[in-house]
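A short worksheet on the structure shown next.
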Amino acid sequence: MKQIETFTTQHRRQKQIEETKNNIKIAMLALMQNQDIKKIKIADLMQKAGYTRRTFYRHFYSSEDVLKSIITDIVFELFAYLDNKDTEQNFAQTVTLFFNFWTQYTAILKKLKQQNLSYLLQSIAFENIQQSQLAVVLKQQQNQVYIEYFALSGMFSLLTIWVDDNCQKSVEEMGQIAQEIKDAIK
C-alpha cells in the first residue's frame, strides 16, 4: 500500500512540475507578442506566470532556455503531425503538410525571424530528427544522415524564405515549389 501512495505522490508532483513549466512557457509566449525576446526579464516573466523567480530557476536556466523548450515542443508536435500522415505521400505532398503545420505558428516564426533567432528552430529540429518518422523511413537509405539533414535543411530554408515573404504563398504553392526544386536537381 505504501508503494501505491509513493507512486501517486510522485505522479502528482510530476504533473505539477509539467503544469508549472507550461504556465511559464505560456507567459513567455504572451510577453513575446509585445517585447523583444532578449529583453524579457525573468521578473516580468514570472509575474505574468504567477510564480516567484525561485520557481523559475527550479525549471529553467534563462529566458532563452524557456524559448528553446517552447521550440522543442513545437518541433516534436511537427514530427508527430508528419508521423501521423500517410507514409506513401510524394515529396510535394510532404512539403505541403510541413507548411500546413507551420501556418498555425506564423506569429512565432515571424518573431524568431525579426530577432535573428530562426536558427534555434532548425538547430532543435536537427537535434531531434532521430525521434521522427523521417529517420525511420530514411534508415533504409545509404548515407541516411546526409539525406535527413539535406531534406530538413531544404525544408527549413524554404520556410525561412516563406516567412521573409510574409507567408504570402499558399501551402500548396510551397509544395509545388519544392517539387520544382527536386525536379531541377535530377
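The values are calculated or read from the model by the stated rules, or taken from the named source; none is laboratory data. Values in this document were obtained by computation on a predicted structure and should not be read as measured data. Every residue, glycine as well, gets a Cβ built from its backbone with ideal geometry; the counts of neighbours run over all protein chains shown.
What to note about this one:
- Residues that are under 21 Å from the mean Cα position of the chain (by Cα), in a helix (DSSP H, G or I) and of a type outside the set (S, T, Y), drawn from the range 50-68: H59, E64, D65, V66, L67, K68
- Test result for N34, assigned to a loop (DSSP other than H, G, I, E, B) and in the same structural domain as C167 (by TED's automatic domain parsing): no
- Residue, nearest to F60 (Cα to Cα), within the range 8-30, restricted to residues that are among the aliphatic types (A, V, I, L, M) and either touching a residue at least 40 places away in the same chain (Cβ under 8 Å) or exposed (fewer than 10 other Cβ atoms within 10 Å of the Cβ) (or both): I24
- Listed by position, the helices (runs of 4 or more DSSP H) enclosed by the range 114-179 that each have at least 1 residues that are at pLDDT 90 or above are 118-128, 144-164.
- First in the range 33-53 and among the polar types (S, T, N, Q), second anywhere and surrounded by fewer than 17 Cβ atoms within 10 Å (Cβ to Cβ), Cβ under 8 Å, 6 or more apart: Q33/A107
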